[in-house]
Amino acid sequence: MEIISANLEETKRYLQKKFENAMDFMARDLEVGGGKAALFALDGLVSKQIITLSILNPLMEAGSIPGDGSARLNYIEKAVLGTMEQKREARMDQILVLLMSGFAVLCLDGCPEALVFGVQGFETRGPDEPQNEVMQRGAKDGFTESYQNNISMIRRRMKTAALKFEKAEVGGQSRTPLALCYLEGVASPQILEQVRRRLKSYDLDTALGAGYLVSFLERGGVFSGVGMTERPDVVCGKIEEGRIAILVEGTPSAILVPFLFVENFQTLDDYLTRPFYGTFIRWLKYASFFLSAFLPGLYVAIATHHPEMLPEALLLKIAESEAQTPFPVMAETLILYFLYEVLREAGLRAPRSLSTTVSIVGGLVIGDTAVSSGLVSAPSLMVVALTAIAGYAVPRLYEPLALLRLAFLLAGNFLGVWGVMIGLVLLLMDLCGTDSFGVPLLSPVAPYNRRLAFRDVLVRAGWRRLAKGNAKVQDMPGSREIGE
Amino acid sequence: MERTKISSAQFFIAMFVSRVVVTIALNAHYTGGENMLDTIFSYLIAMAIGAVLAVPIWMALGRSGERGVPELAMENMGWAGRLVPICYGLYFVLVGGTSLALFQIFLMDTVNPGFSAGMVITALVGVALYGAMRGIETVARCATCVFVVLLLGCGLVFSIVARRFSLDNLEPLFCGGLSQTGQGVVLFLARTSIFADMAVLLPQVKGRKKLGFFGWMAGTSLFVGVTVLLIVGCLGRYAYTQNFPVYVLASITEVRSLQRLDAVFTGVWMMGLVIKLACDLYACRVCFSALTKRKEPKWALWATGVAVLVLALAIAGQSRMQRWFLDTKFLFWCTVISGGAIPLIIWAAGALGRKRRGK
């Protein structure tokens, strides 16, 4: 580990070499207390106003300071500068990281240590309403790219000393800072240790988003045991149940672990409405999930292999429309589904000014022209459209649902309703066999716990009942201590 | 070796699902007569005998119950003990193969789907293998979910079809003598693999096992009773001409515009069958583990899966194989040996060993 030199010129040369060809590197030579000094910072990351007012002005006004470099640094630290965030640092690698994190570094000739000041001054986005987690009644502020702002948003909502933000870093080159956020005494120490261990296993050079970390935190399975949220209020609710949130610098969302399957169906709005309506909405989402995953598969299976299951009137309608199209039901549904995904992706990636045009053209082409030209049948189109809409009722599950739908479609085509059933058991096996940091993903349904299942899964109980009893995630049935 | 444990309720629910799968394949030909109502009593008697048959298992496993019969055999019987896990492994392959074969026969004879029945069977074995590979915990949790689906599915079919129930279809009990009841007892015991499952898997179960066992007996008796009563009461004489009367029962159900729920019934059967196969395959894995003294080798699981599949396809494809492997007497003796005789021998060997060491 390289230590800062007591010779100021040597330190300057070192830093200038490190930041060679970096036009944002700033070095300001000073005369402080009768000795040479230099202040280093990176343009764009620091606030020049703060530097001038809080560092340069007091330094210039300080008179002669007796003693060697170290004595002068001591005096400056204690009696001259009054910035809130300042510390001593002797390790060169740390100084480099701090410089690149928006700190200013003051070096004095004859002193083998530097003073670093938190004077970040880069532009950050304000806390807008989250785009992907829209709430009817919840707060309208969401996380931003600055993890420090995100920490403050959580802190503002939970004024307890038990709330901890543990600092860590990932990415060999990017050295992306992150914070493990949890409630001491509530979060399981074993799970916390496991999270730390898995974060240490992160061996990529960069971490440009929280999504990079997810694959290092989860352990296989169709459904992830790691959740994400853009809302500080959701994080507060989750850490209160013993979960751990990870706030990553540069990502406007927090990672939540352990994350159970049922949590994909829970939104803050469920808890802000009356219990009976919350329960109704919850079941609506369960139904949407099943509709979204199984409807195309079942439609193809029944229309192709088990038409006897359909009521006569419906069967005749489907047969009539199918007779006018050139493709079999399977191909038709597959094409429609593929086109829908293309449209969705195009709508998502197209410039905002064009995305409406893309949607209108796509909707018109698929919705109207394809049916009227006889290329696809109206029932198939309706099935795919219903599936797509139902999928958005549980947006957290969109990714696995998109692939599951396809798998069930193929299973339904080749093995009929039985293929879909076989797929369902396989999916159940996968769900039952996956855990998130030692907590079964399907808990408290499998393994079943009546008290917990009737608390916030099968019904959304009232707050009086929710307030009673233990609902810590690590105490879910079937949870065990985990080891790698 | 520390093993994952499941609760007693989970284990016996998985066993219930396995039993239901076997019950669904019930027909008059196998029960041996034309008064299926007698089979309700057959089942009750079979359960009473089963309770006695299970005693050697409880005795062999002892109070702590940390080791299964195959492990105890390896410990107490020297080289001869190696035969025990092999016997159990073969028994589970046989049970899995015959259950699967029955389903394939049902598909080929009764449903006659537009796709290969072999493909369905292969997919079922594949899913069961996946479950067995993930472990007993996965299978047990999945069994709980399937149990709910099964109860809902059967509940739906039974409640709808109950409207067709007619007392006129019922015949006096034991009108053809007691021979049919006896044959039913043998049939039910022949098609029950719970005793072997208990001998091998019970060490991985925690909680009140005996209560679970009696709960299983009561639950399956109720299920068999209701099923048989509905078959007889709704189908009358027609039931005796059918290979799979429960399927016929499902196929005549209709709820307003929803007709022919037989596909749902078959799907539920398949879900149960996957659980049964997964339990059998996992039990095989435990037997291999006892034999090789290594932690449940996965290659053995693959080998067992292939063996079950080949056996099922062979049984379903050849009538001679069907005569051998689906023979009630043959399966009955297999149950008695695996569920009663072997545990009794192991218990006796253990007791003898303890006595010798005491001297």
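The values are calculated or read from the model by the stated rules, or taken from the named source; none is laboratory data. All values derive from a computational prediction rather than experimental measurement. Cβ placement follows ideal geometry from the backbone for every residue including glycine, while neighbour counts extend to all protein chains displayed.
Just need a number here: residues in region A:19-43 that are of a type outside the set (A, V, I, L, M, F, W, C) and either in contact with a Cys (Cβ under 7 Å, 6 or more places away or on another chain) or closer than 28 Å to A:Ala71 by Cα (or both).
Of region A:19-43, the ones of a type outside the set (A, V, I, L, M, F, W, C) are A:20-21, A:24, A:28-29, A:31, A:33-36, A:43.
Right, trim to either in contact with a Cys (Cβ under 7 Å, 6 or more places away or on another chain) or closer than 28 Å to A:Ala71 by Cα (or both) and you get A:28-29, A:31, A:33-36.
Qualifying residue count, region A:19-43: 7.
Restricting attention to region A:38-57, and to residues there that are under 17 Å from A:Leu108 (Cα atoms) and out of contact with any Gly (no Cβ under 9 Å at 6 or more places or on another chain), which single residue is surrounded by the fewest Cβ atoms within 10 Å (Cβ to Cβ)?
In this case the residue turns out to be A:Asn57.
Any residue in region B:209-230 that's under 20 Å from B:Gln10 (Cα atoms) and in contact (Cβ under 8 Å) with a residue 24 or more places away in the chain: show its pairings with residues that are among the basic types (Lys, Arg) and assigned to a helix (DSSP H, G or I) at Cβ separation under 7 Å, as long as the two are six or more apart or on different chains.
B:Thr220/B:Arg19
Please enumerate the residues belonging to region A:58-88 that are more than 42 Å from the chain's Cα centre (by Cα) and loosely packed, with under 13 Cβ neighbours inside 10 Å.
Within region A:58-88, A:Met60, A:Glu61, A:Gly63, A:Ser64, A:Pro66, A:Ala79 meet the criteria.
From B:Phe332, B:Phe325, which residue is more than 18 Å from B:Met74 (Cα to Cα) and in contact with a Ser or Thr (Cβ under 8 Å, 6 or more places away or on another chain)?
B:Phe325
Please give the number of the condition A:Pro112 fails out of (1) in contact with a helix residue (DSSP H, G or I) (Cβ under 7 Å, 6 or more places away or on another chain); (2) at pLDDT 90 or above; (3) not assigned by TED's automatic domain parsing to the domain that holds A:Val257.
A:Pro112 satisfies every listed condition except (1).
One residue is enough: does region B:301-318 have a residue meeting the conditions over 20 Å from the mean Cα position of the chain (by Cα), closer than 28 Å to B:Thr138 by Cα and part of a helix (DSSP H, G or I)?
For region B:301-318, residues over 20 Å from the mean Cα position of the chain (by Cα), closer than 28 Å to B:Thr138 by Cα and part of a helix (DSSP H, G or I): present.
Which residue pairs have Cβ atoms closer than 6 Å, lie 6 or more positions apart in sequence or on different chains, and pair a first residue in region B:103-116 that is touching a residue at least 60 places away in the same chain (Cβ under 8 Å) with a second residue that is surrounded by 19 or more Cβ atoms within 10 Å (Cβ to Cβ) and assigned to a loop (DSSP other than H, G, I, E, B)?
B:Phe106/B:Phe244; B:Thr110/B:Phe244
Kindly check whether there is at least one residue in region A:162-175 that is farther than 21 Å from A:Gly227 by Cβ and assigned to a helix (DSSP H, G or I).
No, the conditions are met nowhere in region A:162-175.
Can you tell me which residue within region A:428-437, out of those that are surrounded by 24 or more Cβ atoms within 10 Å (Cβ to Cβ) and at negative phi, is farthest from the other protein chains (Cβ to nearest Cβ)?
So, considering only residues that are surrounded by 24 or more Cβ atoms within 10 Å (Cβ to Cβ) and at negative phi, the one farthest from the other protein chains (Cβ to nearest Cβ) is A:Ser436.
Say we look at region B:249-300 and pick out the residues that are part of a loop (DSSP other than H, G, I, E, B) and more than 14 Å from chain A (Cβ to nearest Cβ); which of these is modelled with the highest pLDDT?
Filtering first and then ranking leaves B:Lys293.
Residues being part of a loop (DSSP other than H, G, I, E, B) and of a type in the set (Lys, Arg): count how many of those fall in region A:417-471.
Residues that pass the stated criteria total 2.
For the structure I just gave you, tell me whether A:Val425 is in contact with a Cys (Cβ under 8 Å, 6 or more places away or on another chain), surrounded by 23 or more Cβ atoms within 10 Å (Cβ to Cβ) and assigned by TED's automatic domain parsing to the domain that holds A:Phe290.
Working: in contact with a Cys (Cβ under 8 Å, 6 or more places away or on another chain): yes; surrounded by 23 or more Cβ atoms within 10 Å (Cβ to Cβ): yes; assigned by TED's automatic domain parsing to the domain that holds A:Phe290: yes.
When the stated conditions are applied, A:Val425 passes them.
Does A:Phe122 meet the test of being buried (at least 18 other Cβ atoms within 10 Å of the Cβ) and either assigned to a loop (DSSP other than H, G, I, E, B) or β-branched (Val, Ile, Thr) (or both)?
In short, no.
Given A:Val439, A:Val457, which one is within 24 Å of the chain's Cα centre (by Cα) and more than 30 Å from B:Val264 (Cβ to Cβ)?
A:Val439
Does at least one position in region B:149-164 carry a residue that is assigned to a helix (DSSP H, G or I), within 9 Å of another protein chain (Cβ to nearest Cβ) and among the polar types (S, T, N, Q)? Break it down stepwise before answering.
Our first condition is that a residue be assigned to a helix (DSSP H, G or I); within region B:149-164, this holds for B:149-164.
Subsequent filtering for residues that are within 9 Å of another protein chain (Cβ to nearest Cβ) retains B:149.
Adding the requirement that they be among the polar types (S, T, N, Q) leaves none.
No: region B:149-164 contains no residue that is assigned to a helix (DSSP H, G or I), within 9 Å of another protein chain (Cβ to nearest Cβ) and among the polar types (S, T, N, Q).
Identify the residue in region A:146-157 that is crowded, with 16+ Cβ neighbours inside 10 Å and modelled with pLDDT of 90 or more and, among all such residues, is farthest from A:Gln120 (Cα to Cα).
A:Ile154
Given the conditions (1) closer than 30 Å to B:Phe147 by Cβ; (2) more than 12 Å from every other protein chain (Cβ to nearest Cβ), report the number of the one that A:Tyr392 does not fulfil.
Failing condition for A:Tyr392: (1).
Residues that are assigned to a loop (DSSP other than H, G, I, E, B), without any contact (Cβ under 8 Å) to a residue 40 or more places away in the chain and touching a strand residue (DSSP E or B) at 6+ places or on another chain (Cβ under 6 Å): does region A:133-156 have at least one?
Within region A:133-156, none of the residues are assigned to a loop (DSSP other than H, G, I, E, B), without any contact (Cβ under 8 Å) to a residue 40 or more places away in the chain and touching a strand residue (DSSP E or B) at 6+ places or on another chain (Cβ under 6 Å).
With the structure loaded, tell me whether B:Ala140 is within 14 Å of chain A (Cβ to nearest Cβ), touching a residue at least 60 places away in the same chain (Cβ under 8 Å) and in contact with a strand residue (DSSP E or B) (Cβ under 6 Å, 6 or more places away or on another chain) or whether it fails that test.
When the stated conditions are applied, B:Ala140 passes them.
Of all residues being of a type in the set (Ser, Thr, Tyr) and modelled with pLDDT under 90 in region B:85-125, which is surrounded by the most Cβ atoms within 10 Å (Cβ to Cβ)? Just the residue, please.
Taking the candidates together, the pick is B:Thr110.
Take A:Val473 and tell me if it is buried (at least 22 other Cβ atoms within 10 Å of the Cβ) and within 14 Å of chain B (Cβ to nearest Cβ).
So A:Val473 fails the test.
Say whether the condition of being surrounded by fewer than 24 Cβ atoms within 10 Å (Cβ to Cβ) and under 17 Å from the mean Cα position of the chain (by Cα) is met by at least one residue in region B:226-240.
Checked region B:226-240: at least one residue is surrounded by fewer than 24 Cβ atoms within 10 Å (Cβ to Cβ) and under 17 Å from the mean Cα position of the chain (by Cα).
Condition first: more than 14 Å from every other protein chain (Cβ to nearest Cβ) and over 28 Å from A:Leu217 (Cβ atoms). Now tell me which residues in region A:438-459 satisfy that.
Within region A:438-459, A:Arg451, A:Phe454, A:Val459 meet the criteria.
Out of curiosity, is A:Leu401 more than 11 Å from chain B (Cβ to nearest Cβ) and either among the hydrophobic types (A, V, I, L, M, F, W, C) or part of a loop (DSSP other than H, G, I, E, B) (or both)?
Working: more than 11 Å from chain B (Cβ to nearest Cβ): yes; either among the hydrophobic types (A, V, I, L, M, F, W, C) or part of a loop (DSSP other than H, G, I, E, B) (or both): yes.
Criteria met by A:Leu401.
Return only the number of the condition from (1) within 14 Å of chain B (Cβ to nearest Cβ); (2) within 30 Å of A:Ala187 (Cα to Cα) that A:Thr273 does not satisfy.
(1)
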